[in-house]
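The values are calculated or read from the model by the stated rules, or taken from the named source; none is laboratory data. Given the structure is predicted, the values throughout are model-derived calculations rather than measurements. All Cβ positions, glycine included, derive from the backbone under ideal geometry; neighbour counts span all protein chains shown. Surface accessibility is based on the protein's heavy atoms, side chains included, excluding ligands, DNA and RNA. Shrake-Rupley method; radii C 1.70, N 1.55, O 1.52, S 1.80 Å.
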Amino acid sequence: MTEAKKEGKNEGFEPNIVAFCCNWCSYAGADLAGVSRFQYPPNIRVIRVMCSGRVDPSFIMKALKNGADGVIVTGCHIGDCHYISGNEYTKERFERLHSIIIKQLGVNPKRVRLEWVSASEGKRFAEVITEFTNDIKKLGPFKR
Amino acid sequence: MIIITEIEKKKDSKDIVNDIDSYLSKIYDPNLRNLLRKCYQCGTCSGVCQLSKVQKFTPSRIIEMILEGFENRVIESGVLWDCIMCNSCLQNCPEDVNFADLVRMAKYKMRNIEDQNPEEYIAHKGIYTTLSEIMSESNLQPERTLDWVPKECKITESGKIMYYVGCLPFFKFEFENIDSIATSTLKLICQIEKEPIVVLKEESCCGHDLYWGQGKFEPFIELAKKNLKMFENAGISTIITACAECYRTLKVDYSNLFEDFDKKFEVQHIIEYIYNSWKENKIEFKNPEQTSEPIQFTFHDPCRLSRFLPKSNNIIHKVREIFNHLEKIGYKFNEMEHSKENSLCCGVSSWMNCNERSKALRYKRLSEAKAAGTKVVTSCPKCIMHLSCLKDDFEEFGSMEILDFSEFLVNLVNVIDGNEKKEEEK
């Protein structure tokens, strides 16, 4: 029995979500979502990083350990990275993190997610966050 | 479902708090002075300390400061986070003052009372120790992939003999091919044993790194309890491991925690297991590709096997007996300059302090190994990772081969089963 397989018991549960946003695309995208007044759930805590390549897998594991229920990393679309290839490293690292660590640890892979959001996609940012928050709400808290 | 509600109930009541406390009292003594009373300042520890050769670190001085009532100053300065826990000092101490044990308890104290958080000391940004901590969560059950299990080996979920893999499948994240240790160990055990071997998907970390490296005793106790439950459910009587750290933790530290652990389970290192099978005439050593010129090789003693075990345990002599026997099949065993109890450290233990100083220690060790032979055999996955890391950085070590004991022996072992096989056929 893995964690969080029961549904229906999570009513009224407000998850804590850590969102790593890259400075050049996703953070600006989040900004645009705010300026354009797109609504999204207030469960995320945004951490600005200069590039999604800055996000070490250990940051994600530490976030989960210290009480986050979900972690989302957002960066520029592939090919648009301000530092040319930073997000390609992120992508590769994420695949390894999922296939080797998250899977074997018995953590639901839906709790850790990688998305590309550009600076002009304020609407998309709001959508991604809403979707992710709903997913985590269904899964329930990570620690019980 | 039941599992989760049960735990919730327990956590609400006061029992579980006392439970942890009672375990804690077995591994933690807040009065640091008690440990050191016997010290008469001969200074041997500062002389033999491996770390003192690359940076200023003087155990005898630290001991004196604690005895004279400057415990706070030692703890505040954070100097104890530097200790690499190689136990050389205890090995040479005339009064058996256990400095590593002191450091372990002081780390707990520094973390909980002084609120120190040694993030910058932890190697790999702490990812592997974080994993151990996440595994200690009671509602989380690891689901390991068993893709490293060789096809010819039969595994099962309950039985007598278990192979405790340890964290190898997780280390694959940064170290390619590290799970070949697990593959060859399982191959060796499967060859010798007739019945299928227990390899569990939900196996947790043994907690060694949290216990020694970071002073996080509560998650360690949780992990130990989880593992004990897992062993009991699978109905195991023998646990075999290929990792020196797991061996020490299961053999010594778990028996300290749980009184009847060593009665219920027999913990064996793969070296002991091979040695016993060899002495019982179950196996012989054969070399399919024997060359006229003997292959020179050497053995690096991991600190957990040479210095962290009770003195009655002679595993390092057993391994040498096997190696000396291999001379008949074209392998020449050479000792390094420092060997057995005096062997040098690979520089890092419990994922702490991977820096230029520990690299210097590793360089020393590998230079000694190079003088003794091209193949270096060791029996601790961490030593392999650290030494291979250095090997890749320096061209001069490029020709060397660093192997685990099981990887080294996997093609050299031949099972003697002549009579029994005939009986089965009839």
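Scanning region A:50-72 for residues that are away from every other protein chain (no Cβ under 14 Å) and farther than 12 Å from residue A:129 by Cα, we see that the one that is nearest to the chain's Cα centre (by Cα) is A:52. Would you mention how many residues in region A:95-144 are open to solvent by 10 Å² or more (accessible area, probe 1.4 Å), touching a strand residue (DSSP E or B) at 6+ places or on another chain (Cβ under 8 Å) and within 12 Å of chain B (Cβ to nearest Cβ)? Going through region A:95-144 one residue at a time, the tally reaches 1. If the condition is being closer than 24 Å to residue B:385 by Cα and of a type in the set (S, T, N, Q), then region B:273-326 contributes B:296, B:298, B:306. Among the residues in region B:154-177, are any within 7 Å of another protein chain (Cβ to nearest Cβ) and assigned to a helix (DSSP H, G or I)? Looking through region B:154-177, at least one residue is within 7 Å of another protein chain (Cβ to nearest Cβ) and assigned to a helix (DSSP H, G or I). One residue stands out in region B:178-212 among those that are in a loop (DSSP other than H, G, I, E, B) and more than 18 Å from the chain's Cα centre (by Cα): the one that is farthest from the other protein chains (Cβ to nearest Cβ), namely B:194.
The residues listed here are B:358, B:349; of these, the one that is in contact with a Leu (Cβ under 9 Å, 6 or more places away or on another chain) and in contact (Cβ under 8 Å) with a residue 24 or more places away in the chain is B:358.
May I ask you to verify whether residue B:134 is more than 12 Å from chain A (Cβ to nearest Cβ), in a helix (DSSP H, G or I), in contact with a helix residue (DSSP H, G or I) (Cβ under 8 Å, 6 or more places away or on another chain) and open to solvent by less than 10 Å² (accessible area, probe 1.4 Å)?
Against the criterion (more than 12 Å from chain A (Cβ to nearest Cβ), in a helix (DSSP H, G or I), in contact with a helix residue (DSSP H, G or I) (Cβ under 8 Å, 6 or more places away or on another chain) and open to solvent by less than 10 Å² (accessible area, probe 1.4 Å)), residue B:134 does not qualify.
When B:117, B:92 are checked against the criterion of being touching a residue at least 40 places away in the same chain (Cβ under 8 Å) and open to solvent by 10 Å² or more (accessible area, probe 1.4 Å), B:92 stands alone in meeting it.
Hey, can you tell me all the residues within region B:385-416 that are in a helix (DSSP H, G or I) and polar (S, T, N, Q)?
Taking region B:385-416 and keeping what is in a helix (DSSP H, G or I), we get B:385-393, B:395-397, B:405-409.
Correct list: B:388, B:406.
For region B:362-384, residues that are assigned to a helix (DSSP H, G or I), over 21 Å from the mean Cα position of the chain (by Cα) and either modelled with pLDDT under 90 or over 20 Å from residue B:352 (Cα atoms) (or both) total 5. Kindly indicate whether any position in region B:321-342 is basic (Lys, Arg), outside the structural domain of residue B:90 (by TED's automatic domain parsing) and open to solvent by 80 Å² or more (accessible area, probe 1.4 Å). Yes, the conditions are met somewhere in region B:321-342.
Within the set B:143, B:157, B:203, the sole residue that is open to solvent by 10 Å² or more (accessible area, probe 1.4 Å) and out of contact with any Ser or Thr (no Cβ under 7 Å at 6 or more places or on another chain) turns out to be B:157. Hey, does region B:18-31 have a residue that's surrounded by fewer than 17 Cβ atoms within 10 Å (Cβ to Cβ) and over 25 Å from residue B:261 (Cβ atoms)? Yes - at least one qualifying residue is present in region B:18-31.
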